[in-house]
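Take a look at the structure set out below.
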Amino acid sequence: MKAAFYDGPKTLRVAETTADDPGPGQVQLQVAYCGICGTDMHIFHGHMDHRVKMPQVIGHEASGVIVKVGEGVDGFQSGDHVTVMPLDPDGDTPACRLGYSHICEKLNFIGIDSSGAFQQFWNVPAFTLHKLPGDLSLKLAALIEPLAVACHDVRLAEVQPGEFVVVIGGGPIGMLVALVAQAAGARVVLSELDPFRLKLAEELGLKTVNPAAGDLVKYVFEQTEGAGADVVFEVSGAAAAAEMMTELPRVRGRMVVVAIYNKPVPVNLFKFFWRELRLIGCRVYESQDFDRAIEVAQSGSLPLDRLISGTYSLDNIAEAFARADGGGDVMKVLVECAGG
């Protein structure tokens, strides 16, 4: 089979390798599609070499078809269409014992800490699998993992119908958070600087504000009759956004940090105190969020296909990463793995 190996910063090598049989408790997937996400780009640029054991196959936003079932696996069979929740927790850490194994202190994030999906055949633990309905295309199913992130974020934020929600950052996750929140009945405004993302968001039915061209705080308070937003999602990872997020919520509003900050940034703790705000951190997802994402994708209620900017073969994965890294008119790039 073919697999794409990360060999170091900005170096991906497609090579022939052996498709080992799945071990006990594992299944072997023929990977259909795998999306390129922000974490993959961090790896590609060499920022996560302390976790990735080179040469390594990366990638975790995958859909596929089961081709082999290992010993001791029940409930799955060859031919099943599935997606992978790529979390392999230790099971005996404090987080696991509290029921939060998705943020296990010794979490093996499959596709980062161990072999991932940018290969034709992939062995994964059966407990990571979620079955897909037969009428959901495997191409769209490659968006289940990032959609599950958005479902997790909106669920933990306790977004209610009629609430006013601000999403800061219109990348793939920010766009999905905005769409999921709007589908939950919220009034949503997306704050974004990039013209392509702003145009796409408007075409998808979202209200937008470019904070470089307009006053976001003024807009939010005008739209809420002086109250402020019920929920603010920070998805951009920009230091300026971390400062901005405390300016937007109402009294006892919620702020949800989805973006990954690699170093401390200023946050206005006076506003946090003065308005009795809540700050919620959201990381990855839980099994129920994958179930919900599959339901949403199958329903066709969200225009997920509009988020796919391009599809590349496994042989052309370097070109796919260059497209994802180049900015401009790009949202989500997929790699088709099964055929090479």
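The values are calculated or read from the model by the stated rules, or taken from the named source; none is laboratory data. Bear in mind that the values here come from a model prediction, so they are computed numbers and not experimental data. A quick note on method: Cβ atoms are made from the backbone with ideal geometry, for glycine too, and the neighbour counts reach across all protein chains shown. The area values use the complete protein model at the heavy-atom level, side chains included, leaving out ligands, DNA and RNA. Shrake-Rupley method; radii C 1.70, N 1.55, O 1.52, S 1.80 Å.
Residue by residue, here is whether (1) without any contact (Cβ under 8 Å) to a residue 60 or more places away in the chain; (2) touching a strand residue (DSSP E or B) at 6+ places or on another chain (Cβ under 9 Å); (3) surrounded by fewer than 23 Cβ atoms within 10 Å (Cβ to Cβ); (4) of a type in the set (Gly, Ala, Ser) holds:
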| site | (1), (2), (3), (4) |
| --- | --- |
| 5 | yes, yes, yes, no |
| 13 | yes, yes, yes, no |
| 33 | no, yes, no, no |
| 62 | no, yes, no, yes |
| 68 | yes, yes, yes, no |
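Note on the stretch 263-273: among residues that are part of a loop (DSSP other than H, G, I, E, B) and free of Cβ contacts under 8 Å to residues at least 24 places away in the same chain, the one that is surrounded by the fewest Cβ atoms within 10 Å (Cβ to Cβ) is 263.
Of all residues in the stretch 180-237, those satisfying the criterion of being open to solvent by less than 50 Å² (accessible area, probe 1.4 Å) and among the acidic types (Asp, Glu) are 192, 194, 230, 234. Do we have any residue at all in the stretch 17-30 that's in contact with a Gly (Cβ under 8 Å, 6 or more places away or on another chain), in contact (Cβ under 8 Å) with a residue 60 or more places away in the chain, closer than 23 Å to residue 312 by Cβ and open to solvent by less than 50 Å² (accessible area, probe 1.4 Å)? Within the stretch 17-30, one or more residues are in contact with a Gly (Cβ under 8 Å, 6 or more places away or on another chain), in contact (Cβ under 8 Å) with a residue 60 or more places away in the chain, closer than 23 Å to residue 312 by Cβ and open to solvent by less than 50 Å² (accessible area, probe 1.4 Å). For the stretch 136-170, the set of residues classified as out of contact with any strand residue (DSSP E or B) (no Cβ under 8 Å at 6 or more places or on another chain), touching a residue at least 60 places away in the same chain (Cβ under 8 Å), closer than 24 Å to residue 32 by Cβ and not hydrophobic (A, V, I, L, M, F, W, C) consists of 152 only.
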